[in-house]
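The values are calculated or read from the model by the stated rules, or taken from the named source; none is laboratory data. Note that the structure is a prediction, hence the values are computed from the model and not measured. Using ideal geometry, Cβ is built from the backbone for each residue, glycine included, and neighbour counts are taken over all protein chains shown. With ligands, DNA and RNA removed, areas are computed over all heavy atoms of the protein, side chains included. Shrake-Rupley method; radii C 1.70, N 1.55, O 1.52, S 1.80 Å.
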Amino acid sequence: MEAATEGERFSIPAKLHPWKVEHLPISVRLENTLDKLGITNLGQLHGKTTEDLLKMWHCGRTTIKECQQF
């Protein structure tokens, strides 16, 4: 997954689209952010921007960096 700058879109490989967020080793903060956006699997994150996530309460640069590691 890649997203380096604000407004850039996340690109999730198709083979990872079905992966459920609840089964990923992520922080509670990231899990809550994705939940509030209605994202339950990685495929739903595909095409979202870093800006989309940063608009959420308690989502900052650290959470974005964690999300970029997948």
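Annotations for the structure displayed:
- Of the residues making up the range 23-52, those that are open to solvent by less than 50 Å² (accessible area, probe 1.4 Å) and hydroxyl-bearing (Ser, Thr, Tyr) are Ser27, Thr33, Thr49, Thr50.
- Selection within the range 4-56 - at positive phi and either among the β-branched types (Val, Ile, Thr) or touching a helix residue (DSSP H, G or I) at 6+ places or on another chain (Cβ under 9 Å) (or both): Gly7, Gly38
- Every residue from the range 45-56 that is over 13 Å from Lys15 (Cα atoms) and in contact (Cβ under 8 Å) with a residue 12 or more places away in the chain: Leu45, Gly47, Lys48, Thr49, Thr50, Glu51, Asp52, Leu53, Leu54, Met56
- For the residues Lys55, Lys20, the requirement of being at pLDDT 90 or above, over 11 Å from the mean Cα position of the chain (by Cα), charged (D, E, K, R) and open to solvent by 80 Å² or more (accessible area, probe 1.4 Å) singles out Lys20.
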